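Here's the structure we're looking at; comments come further down.
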Amino acid sequence: MYFIANWKMFGSLNSLNSLHKVVNFFKSFKKKKLVKIIYCPPSTLIRPMSKKLKNTNIIVGAQNCHEHENYGAFTGSINSNMLKNVGAKYIIIGHSENRQFGETNKLINLKIKSALKSGLKVIFCIGETLKEKRKKNTKQVLNKQISLGLNKVKNKNKVIIAYEPVWSIGSGLIPKSNDLFDTINFIKTKIRNSKVLYGGSVNPKNIIELKSINNIDGFLIGGASQDPKKFIDIIKKTYN
Ligand code: PEP
């Protein structure tokens, strides 16, 4: 199971001090062979976090990139090669917080290709809005996001899908278990052999319900991942 921490635009050098709790927990965790932990901090923290997590089994990832993998005159942007160079092994692409500000399926597709070319593994976020859910368009939306996002992507085995309903991110709401099982299954029929994670308001309470949905391969955790105790609790309770 994957447990991916998305720190979003939170975190200073001081925040890295909280990592030792997770490192110590993971060192002695009996089920650690079943677990992959990936921390995706803001780009400013990738290098220092990678140094701090050296010689642990915890991996570092990035949260987004520019679509060009080469250097260029793109003020304020960072490309996938640069992220790899400072220690990222994975990258989140297509997060709804970026789609909301104009990131299209086409742009996401370019970013995915560029990240794979740079040797990063991709955590590809998809998910429907509340309006789309109410109109019963969830599967149609996901299908489009998958087919356009992964158009002509060769190394699909290096892409993990994170199903994140937009209405569940940061809202405290999670999908009904039956619906979630069904949606994850649908995604798995569209992109075979890929791991499919769930993300959206995962916390130490609702993990009990979420872990019983047996086709989920892990969780992308936003808010709760900034608190090492909550993050550790989520992992522990998944295996209780
Ligand atoms: C996310 O940002 O990917 C996310 C799932 O956030 P949260 O857990 O806070 O809903």
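The values are calculated or read from the model by the stated rules, or taken from the named source; none is laboratory data. Given the structure is predicted, the values throughout are model-derived calculations rather than measurements. FYI the Cβ positions are ideal-geometry reconstructions off the backbone, even for glycines, and counts take in every protein chain you see. Each accessible area value is taken on the protein alone, full model and side chains, heavy atoms only, with ligands, DNA and RNA left out. Shrake-Rupley method; radii C 1.70, N 1.55, O 1.52, S 1.80 Å.
Computed quantities for the displayed model
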{"read-out": "Selected residue (criterion: surrounded by the most Cβ atoms within 10 Å (Cβ to Cβ)) from residues of segment 69-88 that are touching a strand residue (DSSP E or B) at 6+ places or on another chain (Cβ under 7 Å) and not in a loop (DSSP other than H, G, I, E, B)", "value": "S80"}
{"read-out": "Filter result (under 27 Å from G223 (Cβ atoms), crowded, with 16+ Cβ neighbours inside 10 Å and away from the ligand (no atom under 16 Å from the Cβ)) within segment 150-181", "value": "V159, F181"}
{"read-out": "Residues (over 21 Å from V35 (Cα atoms) and in contact (Cβ under 8 Å) with a residue 12 or more places away in the chain) located in segment 183-201", "value": "T183, N185, F186, I187, K190, I191"}
{"read-out": "Candidates I91, I108, filtered to the one that is under 13 Å from the mean Cα position of the chain (by Cα) and outside any loop (DSSP other than H, G, I, E, B)", "value": "I91"}
{"read-out": "Among the candidates N17, N64, residue that is open to solvent by 40 Å² or more (accessible area, probe 1.4 Å) and closer than 15 Å to F231 by Cβ", "value": "N17"}
{"read-out": "Pairs, first in contact (Cβ under 8 Å) with a residue 24 or more places away in the chain and closer than 13 Å to L142 by Cβ in segment 165-182, second among the β-branched types (V, I, T) and assigned to a loop (DSSP other than H, G, I, E, B), C-beta under 7 Å, six or more apart", "value": "V166/T129; L180/I213"}
{"read-out": "Qualifying residue in segment 150-157 (condition: in contact with a helix residue (DSSP H, G or I) (Cβ under 6 Å, 6 or more places away or on another chain), more than 26 Å from A115 (Cα to Cα), touching a residue at least 40 places away in the same chain (Cβ under 8 Å) and of a type in the set (S, T, N, Q))", "value": "no"}
{"read-out": "Filtered residues of segment 223-240 (kept if open to solvent by less than 20 Å² (accessible area, probe 1.4 Å) and assigned to a loop (DSSP other than H, G, I, E, B))", "value": "none"}
{"read-out": "Top-ranked residue of segment 182-220 - restricted to ones that are among the basic types (K, R) and touching a helix residue (DSSP H, G or I) at 6+ places or on another chain (Cβ under 7 Å), ranked as farthest from the ligand (Cβ to nearest atom)", "value": "K190"}
{"read-out": "Test set (1) more than 14 Å from the ligand (Cβ to nearest atom); (2) within 19 Å of L197 (Cβ to Cβ); (3) open to solvent by 50 Å² or more (accessible area, probe 1.4 Å) - E97 fails condition number", "value": "(1)"}
{"read-out": "Residue match in segment 109-130 (condition: within 16 Å of the ligand (Cβ to nearest atom), surrounded by fewer than 20 Cβ atoms within 10 Å (Cβ to Cβ) and among the aliphatic types (A, V, I, L, M))", "value": "yes"}
{"read-out": "Every pair of residues 6+ apart whose Cβ atoms lie under 8 Å, when the first sits in segment 219-231 and is without any contact (Cβ under 8 Å) to a residue 24 or more places away in the chain while the second is open to solvent by 60 Å² or more (accessible area, probe 1.4 Å) and more than 9 Å from the ligand (Cβ to nearest atom)", "value": "A224/K230"}
